[in-house]
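I have placed the structure first, in the form of structure tokens, so that the comments after it can refer back to it.
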Amino acid sequence: MSERAADYAAIARTARAAIRDIADFPKPGIVFKDITPLLGNAALFRGVTDAMSAPFVGQGISHVIGIESRGFIFGAPMPQALGAGFVPVRKPGKLPGRTLREDYALEYGMDALEVHDDALTATARVLVVDDVLATGGTAAATCRLVERTGARVVACTFLVELTPLGGRQRLEDRAISAFIAY
């Protein structure tokens, strides 16, 4: 293992220890992964975003997409390491100007995401970022939305993957990276 890989493994162990489980939030039967202790530790937060960015350095990423809202937290610092721009994907009605919209199904209903219609071009190479990959519905909708602009999704990356929920399957053949898996 290289020194850098060993450093990132140590950061992942520290990050995993910082994330706390909150039982029955936001509803009974759910165990919520609370990332706020990780965010409150400046050195750890920096180490995590650096480690999440590292696999994509030199991959020609032109834009990082952050999915509302916690995807903004991890997505916003990553373009600095990648020499890329940042584009927010938001809930409907949050972006000014003309947008593209993607509706998608949730376990309990429907939702939608929007992006500015001029945020990406056909030459854009995009990294999609969110905090958690659970069932994959939000990330899959984001990828479809990005591709409707003509841009190419190079990969999707997440702080945490909840592997029993099978989110990778909804992302089909896309390149997926998760810093921590449960």
Rounded if a/c is under 1.5, else prolate if a/b is larger than b/c, else oblate: which is the stretch 1-90, with a ≥ b ≥ c the root eigenvalues of its Cα gyration tensor? oblate
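Please report the carbon-and-sulfur percent of the accessible area for the chain; probe 1.4 Å, protein heavy atoms only, DNA, RNA and ligands left out.
53
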Mind checking the dipole of the stretch 64-125: about its Cα centre, +1 per Lys or Arg Cβ, -1 per Asp or Glu Cβ, Debye to the nearest 20? 220
Please give the per residue accessible area of the stretch 1-130, computed with a probe of 1.4 Å over protein heavy atoms only, in Å². 54
What per residue convex hull volume, in Å³, do the alpha-carbon atoms of the stretch 143-182 yield? 67
Rg (Å, one decimal) plus Dmax (Å, integer) for the alpha carbons of the stretch 33-80? 11.2, 32
Of the peptides 74-81, 42-49, how do they stack up when ordered by the mean number of other Cβ atoms within 10 Å, highest first? 74-81, 42-49
Roughly speaking, what is the stretch gain from Asp173 to Arg152, that is 0.36 nm per residue apart minus the C-alpha to C-alpha distance, in nm to one decimal? 6.2 nm
The chain: proportion of alpha-carbon pairs further apart than 28 angstrom, %: 22
Relative contact order as a percentage, the chain, C-alpha pairs under 8 Å and 6+ apart, gives 16
Accessible area of Ile176 in the full protein assembly, 1.4 Å probe (Å², nearest 10): 40
For Cys156, solvent-accessible area (1.4 Å; no DNA, RNA or ligand), Å²: 0
Where in the stretch 140-168 does the amide nitrogen come within less than 12 Å of the point 7 Å from the Cα of Tyr182, taken along Cα to Cβ? 160-165
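The values are calculated or read from the model by the stated rules, or taken from the named source; none is laboratory data. Every value quoted in this text rests on a predicted model; they were computed, and no experiment measured them. Cβ coordinates were reconstructed from backbone atoms using ideal geometry, including for glycine residues, and neighbour counts include every protein chain displayed. In case anyone asks, the SASA skips ligands and DNA or RNA and just uses the protein heavy atoms, side chains included. Shrake-Rupley method; radii C 1.70, N 1.55, O 1.52, S 1.80 Å.
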